[in-house]
Amino acid sequence: MLELAGIIILGILAQWVAWKFKIPAILPLILIGLLVGPFATLFTSDGTKLIQPIWNGNKGLFPGESLFNFVSLAISIILFEGGLTLRKNEILNVGPVIIKLITVAVVVTFFGAGIAAHFIFDLSWPISFLFSALIIVTGPTVITPILRNIPLKKDVSAILKWEGILIDPIGALVAVLVFEFIRAGGGGGFTGTALIEFGKIILFGFTFGFTFAYGLAFVIKRKIVPHYLLNVVTLAAVLGVFVLSDAFAHESGLLSVVVMGLVLGNTNLPNISEILYFKESLSVLLISILFILLSANISLEDLKLIYNWRAGLLFAVVVLVIRPLGVFLSAAGSDLKTNEKLFISWVGPRGIVAAGIASLFGLKLYKTGEPGAEYITPLVFMIVLGTVLLNATTARYFARIVGVFLKNSEGILIIGSSKISRLIADYLKKNNRHVVLVDNNRSNINKAKDLGLDAIVGNIYGDQLTDNIELNDIGYLMALTGNSDLNKYAIEKFKNQFGEHGSFRLITSEEMKNPLNNPQEGLFSHTDDYYKLVKLAEKYPGIQEIKIKDKKHYKNLIDITKEDKEIIPLFIKDSDVNIRIISSFSEEMELVENDSFLAYIGKPIDIEEVKKS
């Protein structure tokens, strides 16, 4: 009981440490597992592990087959959740570089790492290619913490983010297929009977995956299951499909749940986001337990297998040859610069799916006596731990060395995607500023996307924005919603992360009544709130510009906007198309040069009136 409780406590503690220090959770999880597992034998009085998953075959926390069963069920849930995240439309919407990274680079890694493992460690071809299949995946859970605090161009961040998201289920599917092919061989060579068995695995895996995915989708759409049981019924269905498929064709269960997740993720389900959120929460708990268990189950003998120069050579080949080769082939003919290709080549940490499946497959193949199977788990753990440590410690410095580190975060985050927000964002984008709109109203977000704007469906009360590495170039924050409390909350929560150069919000109706007591973060005007801005945008649906001659001329223009209720100043744009946001303390804005323009919303400003003033 103490060991079981300890695993859960240590697992959640590792997750908190990862969050606190902004590192991938897999790093402290594996290190804790190694510390209470194989390394503990070096300092315990009787030379035993502090946590002993299996001991002498039939002793320990998970005696006999129970560890295999637990790992299998846990991996099935993790793979199903990974399958849910892969959306067909997302693949079609991402750029050609990302498409090639999950196709061309996958082929390069699969054959390159397989050949390297075969000749460096003298492993059989099947085991070598199983190793290479397992290290295909990168994964968002390891990339996001590494890149979260590195200001990068949006294109570079987006490529790394989407590669991690899309390649997870693809890599898992490739690894499962290679594993099934090895198991079908049965140690007696790949005979006709073995190929028939492999065919059965593929047949039942895809059949059960598709059939039960559509069956579950039917149950959800027809509301046969009450809402409060939806998540647990989905969990039961995943476990049921895994076990049932395995019963019809041994080892086809993992393939079934991956396919089931892929199909469900691309079905128009009203509750798919809730199911995904539940599975993500469950995956965090399972991963916390799983990786401490699996790391603890490794023995010192396993570690000695890779404690030599050959492991270092294989790691160097994977990181310094195969990864860059895959990236440069994938980026050929793209707009990416050489330094950007180098950075993407450097950042390729392997993640949770690789380590988890490697342990499961390694344990199963070793048990059946497959030659070289004992190398699978320690080799993959070496790649996972090595790449995560390498990228976590050097990515920021490497970004500076190759010149992809953004010195100035000039992007603008707009909270709210109403018509006025879209109007302002469209103007900013046309003036070469990276703008991102955030709203929990999907309809508003879709309208923004129709205009070609970057827009995210998100809740500012959650952590979605904080974890989004595509917002690393954001340095300005504008809260433009009609909810004054939400605007205040957004400024307070995100000003340190996204408001490096300025955080602004629309003033409230109450603040508008007392212009002399406006907040420092007030936006555009002392006397115009959200409703005045919206009303003006309805009457004058466009942003206009007027040239500013000098500081006196600018002051006269601002005076006119204060007197005329149908004009609201927004931005100052200089001749180099640099744009500055006007705060409600508009008179205090300094003009860097005379050749500037005032951008405003409202009726055209009468030039003659300006001259008179």
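The values are calculated or read from the model by the stated rules, or taken from the named source; none is laboratory data. Model, not experiment: these values are computed from the prediction. FYI the Cβ positions are ideal-geometry reconstructions off the backbone, even for glycines, and counts take in every protein chain you see. For accessibility, only protein heavy atoms count, side chains too; no ligands or nucleic acids. Shrake-Rupley method; radii C 1.70, N 1.55, O 1.52, S 1.80 Å.
Of all residues assigned to the range 434-455, none qualifies as being touching a Pro at 6+ places or on another chain (Cβ under 9 Å) and open to solvent by 20 Å² or more (accessible area, probe 1.4 Å). Of the residues making up the range 491-529, those that are under 26 Å from SER409 (Cβ atoms), in contact with a helix residue (DSSP H, G or I) (Cβ under 9 Å, 6 or more places away or on another chain) and in a helix (DSSP H, G or I) are GLN497, PHE498.
Output the residues belonging to the range 578-604 that are open to solvent by less than 40 Å² (accessible area, probe 1.4 Å), modelled with pLDDT of 70 or more and over 24 Å from VAL534 (Cβ atoms). Within the range 578-604, just SER596 meets the criteria. Just to check your reading of the model, which residue among PRO151, PRO126 is part of a helix (DSSP H, G or I) and open to solvent by 10 Å² or more (accessible area, probe 1.4 Å)? None of the other options fit; the residue is PRO126.
Checking the stated criteria, THR41 turns out to be part of a helix (DSSP H, G or I), at pLDDT 75 or above and surrounded by fewer than 18 Cβ atoms within 10 Å (Cβ to Cβ).
Scanning the range 243-256 for residues being modelled with pLDDT under 80 and open to solvent by 70 Å² or more (accessible area, probe 1.4 Å) gives a total of 1. Of everything in the range 559-577 that is in a loop (DSSP other than H, G, I, E, B) and farther than 22 Å from ILE414 by Cα, the residue that is modelled with the highest pLDDT is GLU566. Of the candidates ILE401, ILE412, the single residue that is open to solvent by less than 40 Å² (accessible area, probe 1.4 Å) and either β-branched (Val, Ile, Thr) or touching a strand residue (DSSP E or B) at 6+ places or on another chain (Cβ under 8 Å) (or both) is ILE412. Looking only at the range 109-119, residues that are open to solvent by 10 Å² or more (accessible area, probe 1.4 Å) and either within 29 Å of the chain's Cα centre (by Cα) or under 19 Å from THR387 (Cα atoms) (or both) come to 5 in all. Among the residues making up the range 395-431, those that are touching a residue at least 40 places away in the same chain (Cβ under 8 Å), hydrophobic (A, V, I, L, M, F, W, C) and over 26 Å from ARG442 (Cα atoms) are ALA395, PHE398, ALA399, VAL402, VAL404, PHE405, LEU406.
Could you tell me whether any residue of the range 44-53 is modelled with pLDDT under 85, crowded, with 21+ Cβ neighbours inside 10 Å and of a type in the set (Val, Ile, Thr)? Yes: the range 44-53 contains one or more residues that are modelled with pLDDT under 85, crowded, with 21+ Cβ neighbours inside 10 Å and of a type in the set (Val, Ile, Thr). Is it true that GLY369 is of a type outside the set (Ser, Thr, Tyr), under 25 Å from LEU79 (Cα atoms) and surrounded by fewer than 22 Cβ atoms within 10 Å (Cβ to Cβ)? For GLY369, the condition - of a type outside the set (Ser, Thr, Tyr), under 25 Å from LEU79 (Cα atoms) and surrounded by fewer than 22 Cβ atoms within 10 Å (Cβ to Cβ) - is not met.
When the helices (runs of 4 or more DSSP H) confined to the range 257-333 are screened for residues that are buried (at least 22 other Cβ atoms within 10 Å of the Cβ) and either among the polar types (S, T, N, Q) or at pLDDT 85 or above (or both), those reaching at least 3 such residues are found at 272-297, 323-330. For the range 456-485, residues that are in a loop (DSSP other than H, G, I, E, B), of a type outside the set (Val, Ile, Thr) and open to solvent by less than 40 Å² (accessible area, probe 1.4 Å) total 8.
Considering (1) open to solvent by 10 Å² or more (accessible area, probe 1.4 Å); (2) assigned to a loop (DSSP other than H, G, I, E, B), the lone condition that PRO349 does not fulfil carries the number (1).
Applying the condition of being part of a helix (DSSP H, G or I) and open to solvent by less than 40 Å² (accessible area, probe 1.4 Å) to the range 533-558 and asking which residue is farthest from ILE601 (Cα to Cα) yields HIS553.
Of these, LYS488, LYS513, which one is over 23 Å from ALA18 (Cα atoms), surrounded by fewer than 16 Cβ atoms within 10 Å (Cβ to Cβ) and modelled with pLDDT of 80 or more? Only one candidate passes the filter, namely LYS488. Report yes if GLY386 is under 25 Å from SER288 (Cα atoms), small (Gly, Ala, Ser) and either surrounded by fewer than 20 Cβ atoms within 10 Å (Cβ to Cβ) or touching a His at 6+ places or on another chain (Cβ under 7 Å) (or both), otherwise no. Yes. Taken over the range 356-393, the criterion of being part of a helix (DSSP H, G or I), touching a helix residue (DSSP H, G or I) at 6+ places or on another chain (Cβ under 9 Å) and farther than 20 Å from ARG310 by Cα is satisfied by GLY356, ILE357, SER359, LEU360, PHE361, LEU363, LYS364, LEU365, TYR366, LYS367, ASN391, ALA392.
Per the conditions (1) touching a strand residue (DSSP E or B) at 6+ places or on another chain (Cβ under 7 Å); (2) under 19 Å from LYS565 (Cβ atoms), the sole criterion not satisfied by SER509 is (1).
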